[in-house]
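To start, the structure under review is shown below, and the notes come after it.
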Amino acid sequence: MLNLDFSKELLIDTQAMNWLPSPLAGVMRKPLEREGKEHGYTTSIVKYEPGSRFSEHRHPMGEEILVLSGVFSDEHGDYPAGSYLRNPPNSRHSPFSHEGCEIFVKLNQFSIEDTTTINRAVEINAIEPGWTLLHNHSDETVWLVSLTIGDEVILPMESQGIEELLLFDGEISVDGNAYPNGLWFRSTLLAEHKLVAGSDAKLIVRTRPIPRFASVVSS
(Lines give C-alpha, C1' and ligand atoms only; values in the text may rest on other atoms or scores of the structure.)
Protein backbone atom coordinates (compact mmCIF):
# COMPACT_ATOMS: atom_id res chain seq x y z
CA MET A 1 0.00 0.00 0.00
CA LEU A 2 1.10 3.58 -0.69
CA ASN A 3 -0.17 6.70 1.14
CA LEU A 4 -3.40 5.12 2.37
CA ASP A 5 -3.07 6.20 6.00
CA PHE A 6 -5.75 8.87 5.86
CA SER A 7 -4.77 10.28 9.24
CA LYS A 8 -1.71 11.78 7.54
CA GLU A 9 -1.63 14.89 5.39
CA LEU A 10 0.29 14.80 2.13
CA LEU A 11 1.93 17.58 0.12
CA ILE A 12 3.55 16.10 -3.00
CA ASP A 13 5.29 17.95 -5.82
CA THR A 14 4.39 15.57 -8.65
CA GLN A 15 6.72 17.38 -11.07
CA ALA A 16 9.70 16.26 -8.96
CA MET A 17 8.66 12.58 -9.02
CA ASN A 18 10.25 10.02 -11.32
CA TRP A 19 8.17 8.20 -13.91
CA LEU A 20 7.75 4.48 -13.20
CA PRO A 21 7.01 1.94 -15.96
CA SER A 22 3.60 0.30 -16.28
CA PRO A 23 3.06 -3.23 -17.60
CA LEU A 24 2.63 -1.82 -21.12
CA ALA A 25 5.37 -0.19 -23.21
CA GLY A 26 5.10 3.58 -23.60
CA VAL A 27 2.83 4.09 -20.58
CA MET A 28 4.44 5.44 -17.40
CA ARG A 29 3.08 6.47 -14.02
CA LYS A 30 3.67 8.54 -10.90
CA PRO A 31 1.73 6.80 -8.10
CA LEU A 32 0.24 9.01 -5.38
CA GLU A 33 -2.05 6.51 -3.62
CA ARG A 34 -2.06 2.79 -4.32
CA GLU A 35 -3.74 -0.17 -2.68
CA GLY A 36 -2.09 -2.85 -4.83
CA LYS A 37 0.45 -2.85 -7.62
CA GLU A 38 -2.15 -3.30 -10.37
CA HIS A 39 -5.49 -3.24 -8.57
CA GLY A 40 -7.66 -1.45 -6.06
CA TYR A 41 -7.82 2.13 -4.83
CA THR A 42 -5.37 4.19 -6.90
CA THR A 43 -4.48 7.82 -7.61
CA SER A 44 -1.71 8.62 -10.08
CA ILE A 45 -0.36 10.79 -12.87
CA VAL A 46 -0.09 8.74 -16.08
CA LYS A 47 1.92 9.52 -19.21
CA TYR A 48 1.21 8.02 -22.64
CA GLU A 49 4.02 8.30 -25.18
CA PRO A 50 2.84 9.03 -28.75
CA GLY A 51 1.23 5.94 -30.24
CA SER A 52 1.01 4.04 -26.95
CA ARG A 53 -2.07 2.27 -25.69
CA PHE A 54 -3.41 0.28 -22.76
CA SER A 55 -5.24 -2.99 -23.29
CA GLU A 56 -8.97 -3.20 -22.55
CA HIS A 57 -9.67 -3.29 -18.84
CA ARG A 58 -12.54 -2.91 -16.38
CA HIS A 59 -12.81 -0.50 -13.47
CA PRO A 60 -14.80 -2.32 -10.76
CA MET A 61 -15.39 0.86 -8.74
CA GLY A 62 -15.10 3.51 -11.44
CA GLU A 63 -12.49 5.81 -12.94
CA GLU A 64 -11.99 9.59 -12.98
CA ILE A 65 -9.63 11.36 -15.40
CA LEU A 66 -8.46 14.94 -15.92
CA VAL A 67 -6.43 15.36 -19.13
CA LEU A 68 -3.45 17.55 -18.23
CA SER A 69 -1.78 17.80 -21.65
CA GLY A 70 -2.00 16.31 -25.13
CA VAL A 71 -4.99 14.27 -26.31
CA PHE A 72 -6.23 11.17 -24.48
CA SER A 73 -8.43 8.75 -26.44
CA ASP A 74 -10.41 5.55 -26.18
CA GLU A 75 -12.97 3.80 -28.36
CA HIS A 76 -15.58 6.34 -27.25
CA GLY A 77 -13.78 9.50 -28.36
CA ASP A 78 -10.84 11.91 -28.19
CA TYR A 79 -10.33 14.13 -25.13
CA PRO A 80 -8.00 17.16 -25.34
CA ALA A 81 -6.25 18.86 -22.43
CA GLY A 82 -8.82 20.06 -19.91
CA SER A 83 -11.25 17.19 -20.47
CA TYR A 84 -12.88 15.75 -17.36
CA LEU A 85 -14.07 12.14 -17.53
CA ARG A 86 -15.94 9.85 -15.17
CA ASN A 87 -16.43 6.21 -16.11
CA PRO A 88 -18.85 4.46 -13.73
CA PRO A 89 -18.30 1.21 -11.82
CA ASN A 90 -17.80 -1.87 -14.04
CA SER A 91 -17.22 0.22 -17.18
CA ARG A 92 -14.63 -0.94 -19.70
CA HIS A 93 -12.45 0.83 -22.23
CA SER A 94 -9.22 0.56 -24.26
CA PRO A 95 -7.33 3.87 -23.83
CA PHE A 96 -4.61 5.17 -26.14
CA SER A 97 -3.00 8.39 -27.35
CA HIS A 98 -1.87 9.13 -30.90
CA GLU A 99 0.09 12.27 -30.02
CA GLY A 100 0.88 11.50 -26.38
CA CYS A 101 -0.69 12.90 -23.21
CA GLU A 102 -0.52 13.21 -19.44
CA ILE A 103 -3.58 12.53 -17.30
CA PHE A 104 -4.53 12.62 -13.62
CA VAL A 105 -6.35 9.38 -12.77
CA LYS A 106 -8.34 8.10 -9.79
CA LEU A 107 -9.38 4.43 -9.92
CA ASN A 108 -11.80 2.31 -7.88
CA GLN A 109 -12.95 5.13 -5.58
CA PHE A 110 -16.60 5.61 -6.60
CA SER A 111 -19.70 4.66 -4.70
CA ILE A 112 -21.31 1.68 -6.45
CA GLU A 113 -24.46 3.85 -6.72
CA ASP A 114 -22.56 6.59 -8.58
CA THR A 115 -23.39 5.59 -12.15
CA THR A 116 -22.87 8.99 -13.79
CA THR A 117 -20.83 9.06 -17.01
CA ILE A 118 -19.12 12.38 -17.83
CA ASN A 119 -17.19 13.13 -21.02
CA ARG A 120 -16.72 16.86 -20.71
CA ALA A 121 -14.17 18.97 -22.56
CA VAL A 122 -13.43 22.07 -20.48
CA GLU A 123 -11.82 25.06 -22.23
CA ILE A 124 -9.34 25.72 -19.44
CA ASN A 125 -8.16 29.12 -20.68
CA ALA A 126 -11.74 30.38 -20.90
CA ILE A 127 -12.77 29.48 -17.34
CA GLU A 128 -14.00 32.50 -15.38
CA PRO A 129 -12.47 32.97 -11.91
CA GLY A 130 -14.41 31.07 -9.28
CA TRP A 131 -15.72 27.59 -8.53
CA THR A 132 -17.25 25.38 -11.24
CA LEU A 133 -19.02 22.23 -10.04
CA LEU A 134 -17.86 19.20 -12.03
CA HIS A 135 -19.59 16.42 -10.09
CA ASN A 136 -21.56 15.75 -6.94
CA HIS A 137 -22.78 12.44 -5.59
CA SER A 138 -23.78 11.76 -2.00
CA ASP A 139 -20.90 13.13 0.13
CA GLU A 140 -18.39 13.57 -2.73
CA THR A 141 -18.06 16.92 -4.49
CA VAL A 142 -15.55 17.79 -7.24
CA TRP A 143 -14.85 21.39 -8.24
CA LEU A 144 -12.78 23.04 -10.94
CA VAL A 145 -11.38 26.16 -9.26
CA SER A 146 -9.91 29.14 -11.09
CA LEU A 147 -8.04 31.62 -8.89
CA THR A 148 -6.52 35.00 -9.67
CA ILE A 149 -3.29 36.11 -8.03
CA GLY A 150 -3.83 36.83 -4.34
CA ASP A 151 -7.06 34.85 -4.02
CA GLU A 152 -7.37 32.79 -0.84
CA VAL A 153 -8.92 29.41 -0.04
CA ILE A 154 -9.35 28.38 3.59
CA LEU A 155 -9.49 24.71 4.59
CA PRO A 156 -11.39 22.99 6.07
CA MET A 157 -14.52 23.66 4.05
CA GLU A 158 -17.76 21.80 4.80
CA SER A 159 -16.22 18.36 4.46
CA GLN A 160 -15.79 16.12 7.50
CA GLY A 161 -13.36 13.82 5.73
CA ILE A 162 -10.80 14.17 2.95
CA GLU A 163 -10.08 17.47 1.28
CA GLU A 164 -7.86 16.99 -1.75
CA LEU A 165 -6.56 19.28 -4.46
CA LEU A 166 -4.45 19.05 -7.60
CA LEU A 167 -2.82 22.26 -8.84
CA PHE A 168 -2.46 21.89 -12.60
CA ASP A 169 -1.75 25.47 -13.64
CA GLY A 170 0.05 28.29 -11.85
CA GLU A 171 1.36 28.31 -8.30
CA ILE A 172 -0.07 28.57 -4.80
CA SER A 173 1.23 28.80 -1.25
CA VAL A 174 0.00 26.56 1.53
CA ASP A 175 0.44 28.10 4.99
CA GLY A 176 3.09 30.45 3.56
CA ASN A 177 5.07 27.81 1.64
CA ALA A 178 5.07 28.21 -2.15
CA TYR A 179 4.37 25.27 -4.45
CA PRO A 180 4.50 25.05 -8.26
CA ASN A 181 2.17 23.55 -10.82
CA GLY A 182 1.80 19.84 -10.07
CA LEU A 183 1.15 20.07 -6.32
CA TRP A 184 -1.09 17.29 -4.99
CA PHE A 185 -2.36 18.02 -1.46
CA ARG A 186 -4.49 15.74 0.71
CA SER A 187 -5.72 16.94 4.09
CA THR A 188 -7.80 14.84 6.47
CA LEU A 189 -6.97 16.28 9.88
CA LEU A 190 -9.40 19.21 9.60
CA ALA A 191 -6.67 21.57 10.78
CA GLU A 192 -6.97 25.00 9.19
CA HIS A 193 -4.86 25.70 6.10
CA LYS A 194 -4.58 28.93 4.16
CA LEU A 195 -4.03 28.64 0.42
CA VAL A 196 -3.05 31.77 -1.52
CA ALA A 197 -2.66 31.97 -5.30
CA GLY A 198 0.87 33.16 -6.14
CA SER A 199 -0.26 33.60 -9.74
CA ASP A 200 -3.41 32.91 -11.69
CA ALA A 201 -4.01 29.25 -10.85
CA LYS A 202 -6.31 26.36 -11.66
CA LEU A 203 -7.07 23.40 -9.39
CA ILE A 204 -9.26 20.37 -9.00
CA VAL A 205 -10.66 20.41 -5.45
CA ARG A 206 -12.48 17.43 -3.94
CA THR A 207 -14.22 16.83 -0.63
CA ARG A 208 -15.35 13.37 0.42
CA PRO A 209 -15.61 11.06 3.45
CA ILE A 210 -12.60 9.02 4.48
CA PRO A 211 -12.99 5.82 2.42
CA ARG A 212 -13.61 2.41 3.87
CA PHE A 213 -12.17 0.58 0.93
CA ALA A 214 -11.64 -3.13 0.40
CA SER A 215 -9.24 -4.68 -2.05
CA VAL A 216 -10.95 -5.22 -5.40
CA VAL A 217 -8.98 -7.01 -8.06
CA SER A 218 -9.37 -5.69 -11.60
CA SER A 219 -10.08 -8.20 -14.31
Amide H contacts under 5 Å for Arg29, placed H, 5+ residues apart: Leu20, Ser22, Lys47
May I ask you to list the GluC sites (Glu not before Pro) in the stretch 75-129 that are in a DSSP loop and have at most 10 other Cβ atoms within 10 Å of their Cβ? Glu75, Glu113, Glu123
With an 8 Å Cα cut-off and a minimum separation of 6 or more residues, compute the relative contact order for the chain in percent. 21 percent
Heads up, I need the accessible area for Asp200: 1.4 angstrom probe, whole protein in place, Å², nearest 10. 90 Å²
Each residue of the stretch 31-36 in turn: what ³J(HN,Hα) in whole Hz from Karplus with 6.51, -1.76, 1.60 and θ = phi - 60°, glycine and Pro shown as x? x, 10, 9, 7, 7, x
Could you compute how much accessible surface Leu189 exposes when probed at 1.4 Å, giving the result in Å² to the nearest 10? 100 Å²
As an exercise, identify the GluC sites (Glu not before Pro) in the stretch 1-51 lying in DSSP coil whose Cβ has no more than 16 other Cβ atoms within 10 Å. Glu9, Glu38
Carbon/sulfur fraction of accessible area - the chain, other protein chains in place, 1.4 Å, %: 51 percent
Could you work out the local net charge near Val205, counting Lys and Arg as +1, Asp and Glu as -1, over the other residues with Cβ closer than 9 Å to its Cβ? -1
Asp151 versus Ile118: modelled label distance in nm, points set 7 Å from Cα along the beta carbon direction: 1.7 nm
Are there GluC sites (Glu not before Pro) in the stretch 44-73 that DSSP marks as loop and that have at most 15 other Cβ atoms within 10 Å, and which are they? Glu56
How high is the relative contact order of the stretch 103-189, given as a whole-number percent (alpha carbon pairs under 8 Å, six or more residues apart)? 17 percent
Which whole-Hz ³J(HN,Hα) couplings does the stretch 141-153 yield from phi under the Karplus relation 6.51 cos²θ - 1.76 cosθ + 1.60, θ = phi - 60°, glycine and proline marked x? 9, 10, 10, 9, 10, 10, 10, 9, 3, x, 4, 10, 10
Contour minus end-to-end for Trp19 and Arg58, with contour as 0.36 nm per residue of separation and end-to-end as the Cα-Cα distance? 11.7 nm
Filtered hits (lysines, Cα-Cα < 29 Å from Lys202, offset >= 8 within chain) -> Lys8, Lys30, Lys47, Lys106, Lys194
Loop-exposed trypsin sites (Lys or Arg not before Pro) per DSSP, neighbour cap 11 Cβ within 10 angstrom, longest uninterrupted part of the chain: 38-211
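The values are calculated or read from the model by the stated rules, or taken from the named source; none is laboratory data. Because the structure is predicted, anything quoted here is derived from the model rather than measured. Glycine gets a Cβ as well: all are built from the backbone with ideal geometry, and neighbour counts include every protein chain shown. These accessible areas exclude ligands, DNA and RNA; they are computed on the full protein's heavy atoms, side chains included. Shrake-Rupley method; radii C 1.70, N 1.55, O 1.52, S 1.80 Å.
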